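The values are calculated or read from the model by the stated rules, or taken from the named source; none is laboratory data. None of the values given here were measured: they were computed from a predicted structure. Glycine also receives a Cβ, built like all others from the backbone with ideal geometry; neighbour counts cover every protein chain displayed. The protein model used for the area step is the full one, side chains on, heavy atoms only, and it has no ligands, DNA or RNA in it. Shrake-Rupley method; radii C 1.70, N 1.55, O 1.52, S 1.80 Å.
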Amino acid sequence: MFWSEASRRTVIHRLHPFVKMAVGIGFTGFALCLREPSALALLLGFLLSTFVMARLRPSGRRILFAALFLGAVTGLNFWAARDPSHAAAYCLRLAVFLLAIPVCAGTTAPQELTRALARTPLPPGMVVALMLVWRFFPLMAAEVQQMRQAARLRGRACGGALTRLYRGLVVPMAFCVLDYTDRITLALELRGFSPEAGRTCRRQPAAGAADAGFLLLALGTVLAAGWLQWGGGAP
Amino acid sequence: MTTSTWTTREYVFAAMTAAALLLVASILIPFTLPLRIPGLANAVNGLFGSFFLVIGLIRLRRPGSLILITGIYALVCLAISPVISGFVMAGGILGELVCSSLFKGYRGTLAPVCGAVLYQMGMFPAAMLLSFCFLPERYGEIALWVFIVAEAAIFATALTGSLLGLKVARELARAGRLRLEA
Amino acid sequence: MIHVEDLHVYYPDQPHPALRGMSLTVPPGQTVLVSGPTGCGKSTLGLALCGAIPALIAGRISGAARVNGVCSAERPVRATARELGFLLQDVAYQTFTDRVSDEVAFGLENFGASETAMEVRIAAALEQVGAAHLAARRLSSLSAGERQRAVLAALLALDQPLLMLDEPLAYLDRESRRRLLALIRRLAEAGKGILIFEHRRDLVRPAAATEVCMEEGCRAKENADTPVLPVFAPSRPGPERLTIREAAMAWPNSVKPLFAGVSLTVRAAESVVLEGENGSGKTTLLSMALGLLQPSGGEITTNGEDARRTPPARLAREAALIFQHPDHQLYLSRVGDEVRLSAPDETTAAFELEAMGLAELAHRHPRSLSMGQKRRLTVAAALARRPKLLLLDEPSVGQDDRSLARVLRRLDRFVREGGALLTATHDERVARALGHRVYRLEDGILRESAPYTESELAAPAAVKERRY
């Protein structure tokens, strides 16, 4: 996954993947409608609390990158509009977007997500394809890292920057996609996978009281943010 | 698209192409977003994204291939952001509709290039439309010429990426890894 | 029962068949070893038996490859998979989930097993391979041997009566190999028919009832002798080419450092071997030597330059690093061009191609080569640059004995001509051949170990000196 997971499963990890996804999607969509910094800050506060409860530990480099990114965006916004409230709202909205991702992605194992998706009318092939993307994305990223290392060793002796990019990264990645396809297809079929046949599912996630509680809290936050934006709290 | 249409290999290939698209986007997009130039992210992503899409479409060939690849990609993006998922699907549907009705699939070289370019070009208006729905006064201000220039830039990079994809497809064929039609 | 009779396999655009009249039988409760050099058709036989040729891989078959009486070519691979389990060489591509028990469940889910039956079979399969304690572990946290056991459990959970294992020892150290061979014996005793494709026949032969030697797509007339790889005498070392002092490495977010206090020197005309399990940090150490990774502590001097402050491309002018997976280092579209790009002149390029047995393949696309050939190509390209220091990661993977001997001979010549060589490997044959000095990286600590003795290498099979 893109986010480093907590070392042990917290209550956030145990929530139904669709509940977490709904909150992530809902907050992202709602943040697009808000312009009041205090309302956006409230959404951000909820997401931050979830983030802390899930014991997600982003690396220092990632925090630094996010801070620089948000700082640059805020600075550019302020420079363009000369309106601190507008710049703050833009920055907070982006922060909501960034934090809404790990609510689901950082606390849900690919296997859990695919198990939840197995209950939907999606074809089994589609569900397994999704699982394959999550499973092999890090492997592919590691391969790209090695390609870049090989390119660093070659230096400028092997042509200009474009040639090196093309021959050293683009072409190997295309071969990599085909290699993965051949190997994974064979391995999947050897494990009895058929895109047409139905599959059973071990430990399919089911929604419970904790999910209802989490949804209610999220809904409460959304209502409060809405009140700050359009109700008596708005200037 | 019916359940029995696609083989295991086609699902896997579509998944790997989607993984490559995700990888390219995750490397390139963070560098373009802070600049806040309309269409820049799409234009930069279009170069490499259409490269992989063309190879994917050449390999899959059948009608619905673009929807299969972008559908898997959109599902992955759903866990990241529904907005991204929305415009990925919009681009995929546009490209698929045009290519399925005009070319009946992705045989030859024109249809895959057309599909990849339309996908990239379709994403930007969809993203603008989605943004306009949420922030009408802000996005309503963007002049038409900005939109046209951005689309032209996306067209140029997506076409370049697609042609590069065709070139690499020939190399893949030479290495015995991809079967090209005469 | 596996039954192969007069099997011919033809790949498209290939002038000769990959298999020519191959026949063999694997009865229940017996282990059959299929040995032979790279490219002799072992993998093709496996792919034909599981039905991958022609269902997934283009090819034409004549003759019969039957699994329990049914011709594999006449049904999908997944249907044959209900009766025949196939453990592929690289298990990384054979795992689809992130935890061991989920991985074992994956096949059962595909076969529509109920949840209750699944739990029973998962527990039994993990118990069978001695991996019950790994059930909740992440696959990414397992060693190569543990991961292979997990995948084998995933196959055993499906309760197929027949098993095929393709080069199962390739990535394993001695202890993992011993465990695997013991498991194979137990499975055969339990009534499974097992077919093993392995070029390291000396290791597998004691566990197998029958051996079939293959040569150029068919059964060899007589089983070849067990080959022994050459051992090279140390020469007098010259000046230091690589000096690592108190190097440490810790990954971000990792509680435990990968290694610490590692010190090592490699001199001109000296060959040093670095042993260790997968994930012990061997590759990281090699990458640090060429500035691709920064150590979290310590000093590294490569050919007199500080590796922490010198760009990798500059270090790479007089040093070369050959990755474990050769694909990333292949750059051009012809084998010959790949070597010529690095070589100072045409004669050097021709010499290196010849030395690695690639001269006849000079016009081929590098990506169309087998894994072993690709690896030899990266060695040829690296040596063509005439580096002072060569860093080599797992040179034996994908090489049959004959090809490996070829590589080792060329490396010995490189060292005798004054080159400094540091080889990371888990293969004791390579350690024995090249290890003027042998180090072992284990639990984050580097220790010098005694060079291999004859008796260590002879176990379990007797080793005889032979011609090459």
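Would you calculate, for chain C, the mean residue ellipticity at 222 nm contributed by helices, counting each DSSP H stretch of 4 or more residues as -39,500 (n - 2.57) and dividing by all residues, to the nearest 500? Show your work: numbers first, answer last.
On the way: 16 runs with 147 residues, N = 468.
Helices in chain C give a 222 nm mean residue ellipticity of -9000 deg cm²/dmol.
Rank by packing, highest mean first: peptides C:240-248, C:288-296, with packing defined as the count of other Cβ atoms within 10 Å averaged across residues. Before the final figure, lay out the partial values.
Numbers: C:240-248: 19.7, C:288-296: 21.2.
Highest to lowest by the protection proxy: C:288-296, C:240-248.
Dipole of the protein assembly as shown, Cα-centred, from +1 at each Lys and Arg C-beta and -1 at each Asp and Glu C-beta, to the nearest 20 debye?
Numbers: 97 positive and 75 negative charges, 150 e Å.
Taking the Cα centre of the protein assembly as shown as origin, the dipole is about 720 debye.
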(message) Which of the three applies to region C:315-355, rounded, prolate or oblate, going by the alpha-carbon gyration tensor with a ≥ b ≥ c and a/c under 1.5 meaning rounded?
(response) oblate
(request) Measure off 7 Å from each Cα along the Cα-to-Cβ vector at residue C:448 and residue C:70, then give the distance between these two points in nanometres to one decimal. (result) 6.1
(message) Taking the 0 to 90 degree range and rounding to the nearest ten, how far is the long axis of helix C:401-416 tilted relative to the main principal axis of chain C, both from C-alpha atoms?
(response) 10
(request) Can you tell me the dipole magnitude for region C:299-424 around its Cα centre, using point charges on the Cβ only (Lys, Arg +1; Asp, Glu -1), in Debye to the nearest 20? (result) 60
(request) Report, to the nearest 10°, how far helix C:346-355 tilts away from the longest principal axis of the Cα atoms in chain C, using its own Cα long axis and a range of 0 to 90°. (result) 40
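Enter the mean number of other protein chain beta carbons within 10 Å of the beta carbon of each residue in C:102-112, as an integer. Before the final figure, lay out the partial values.
Working: counts 7, 2, 1, 5, 9, 5, 5, 12, 12, 7, 5.
The mean count of partner-chain Cβ atoms within 10 Å per residue comes to 6.
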(request) Please sort A:189-199, A:96-106 by packing, taking for each peptide the average over its residues of neighbouring beta carbons within 10 angstrom, highest first. (result) A:96-106, A:189-199
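Just to check, using Stokes-Einstein with a Kirkwood Rh over alpha carbon pairs, what's the diffusion coefficient of chain B at 25 °C and 0.890 mPa s in µm²/s?
Details: Rh = 16.4 Å.
My calculation gives 149 µm²/s for D.
Tally Lys/Arg at +1 and Asp/Glu at -1 over every other residue whose Cβ is under 13 Å from the Cβ of residue C:10; what's the total?
Values: positive: C:20, C:60; negative: C:13.
Combined, the nearby Lys, Arg, Asp and Glu give +1.
Which shape class, rounded, prolate or oblate, goes with region C:162-273 when its Cα gyration tensor gives a ≥ b ≥ c as root eigenvalues, a/c under 1.5 marks rounded, and past that a/b bigger than b/c marks prolate? Don't jump to the answer; show the numbers that get you there.
Details: a/c = 3.63, a/b = 1.65, b/c = 2.21.
In terms of gyration-tensor shape, oblate.
Please give the FRET efficiency for residue C:175 paired with residue A:223, using the beta carbon to beta carbon distance and R0 = 60 Å, rounded to the nearest 0.05. Intermediate values should be presented prior to the final figure.
Values: r = 61 Å, r/R0 = 1.01.
So, using R0 = 60 Å, E works out to roughly 0.50.
Report the net charge of residues surrounding residue C:179, where surrounding means a beta-carbon distance below 12 angstrom and charges are Lys +1, Arg +1, Asp -1, Glu -1. The partial results should precede the final answer.
On the way: positive: C:149, C:174, C:177, C:178, C:185, C:186; negative: C:146, C:173, C:175.
For residues surrounding residue C:179, the net value is +3.
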(request) Kindly rank C:164-171, A:156-163, C:69-76 from highest to lowest mean number of other beta carbons found within 10 Å of each residue. (result) C:164-171, C:69-76, A:156-163
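Which shape class, rounded, prolate or oblate, goes with region C:1-106 when its Cα gyration tensor gives a ≥ b ≥ c as root eigenvalues, a/c under 1.5 marks rounded, and past that a/b bigger than b/c marks prolate? The partial results should precede the final answer.
Numbers: a/c = 1.71, a/b = 1.47, b/c = 1.16.
Cα axes put region C:1-106 in the prolate bin.
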(request) Any chance you could get the radius of gyration and Dmax over the Cα atoms of region C:112-205, in Å? (result) 13.5, 43
(request) Could you name every residue in region C:228-257 that has 50 Å² or more less accessible surface in the full protein assembly than in its own chain alone (probe 1.4 Å, ligands and nucleic acids excluded)? (result) C:253
(request) Jot down the radius of gyration and Dmax of the protein assembly as shown, Cα atoms only, both in angstrom. (result) 28.4, 93
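Under DSSP H, which helices of chain A have Cα atoms covering 20 Å or more of the helix axis and a Kyte-Doolittle average no less than -1.0? Each step should come with its number before you reach the end.
On the way: long enough: A:17-33 (24 Å, 1.51); A:37-53 (24 Å, 1.99); A:60-81 (31 Å, 1.18); A:84-105 (32 Å, 1.53); A:124-154 (43 Å, 0.57); A:171-190 (29 Å, 0.98); A:209-230 (31 Å, 1.36).
For chain A, where a helix must reach 20 Å along its axis and average at least -1.0, the hits are A:17-33, A:37-53, A:60-81, A:84-105, A:124-154, A:171-190, A:209-230.
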(message) Counting C-alpha atoms alone, how compact is chain C: give Rg to one decimal and Dmax as a whole number, in angstrom.
(response) 23.0, 68
(message) Going by Cα centres, region C:325-387 and region C:61-126 are how many Å apart?
(response) 38
(request) Can you pull the one-decimal nm distance between simple spin-label points at residue C:120 and residue C:309, each 7 Å off the Cα toward Cβ? (result) 6.9
(request) Anything over 31 Å Cα to Cα? Flag those among B:167/C:374; C:42/C:388; C:42/C:192; C:221/C:374, in the order listed. (result) C:42/C:388
(request) Please give the average number of partner chain Cβ atoms lying within 10 Å of the Cβ of each residue in A:131-144, rounded to a whole number. (result) 6
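Over region A:27-94, what portion of Cα pair distances is larger than 18 Å, expressed as a whole percent?
Details: 1055 of 2278 pairs.
For region A:27-94, the share of Cα pairs beyond 18 Å comes to 46 percent.
Averaged over peptide C:81-87, how many Cβ atoms belonging to another chain are found within 10 Å of each residue's Cβ?
Values: counts 6, 1, 0, 1, 2, 5, 1.
That works out to 2 on average.
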(request) Taking the Cβ of residue A:210 as the centre, find all other residues whose Cβ is under 13 Å away and add up their charges (Lys, Arg: +1; Asp, Glu: -1). (result) +2
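Expressed as cubic angstrom per residue, what is the convex hull volume of the alpha carbon set of region C:331-463?
Hull volume over Cα atoms, normalised by residue count, gives 129 Å³.
Based on Cβ point charges of +1 for Lys and Arg and -1 for Asp and Glu, what charge dipole magnitude is obtained for chain B about its Cα centre, in debye rounded to the nearest 20?
Working: 13 positive and 7 negative charges, 153 e Å.
Taking the Cα centre of chain B as origin, the dipole is about 740 debye.
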(request) Estimate the FRET efficiency between residue A:166 and residue C:363 by the formula 1/(1 + (r/R0)^6), using the beta-carbon distance for r and 22 Å for R0, to the nearest 0.05. (result) 0.50
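Write down the accessible area per residue of the protein assembly as shown in Å², having rolled a 1.4 Å probe over the full set of protein chains. Could the numbers behind the result be given before it?
Details: 35150 Å² over 885 residues.
I get 40 Å² per residue for this part.
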(request) Would you please give the FRET efficiency between residue C:159 and residue C:233, computed as 1/(1 + (r/R0)^6) with r the Cβ-Cβ distance and R0 = 45 Å, to the nearest 0.05? (result) 0.30
(request) Using protein chains only (no ligands, no nucleic acids) and a 1.4 Å probe, work out which residues of region C:348-379 have their accessible area cut by at least 10 Å² relative to the chain alone. (result) C:365, C:367, C:368, C:371
(message) I want to verify a result. In a Gaussian network model of chain B, Cα cutoff 10 Å, which of these has the top mean-square fluctuation: B:76, B:117, B:146?
(response) B:146
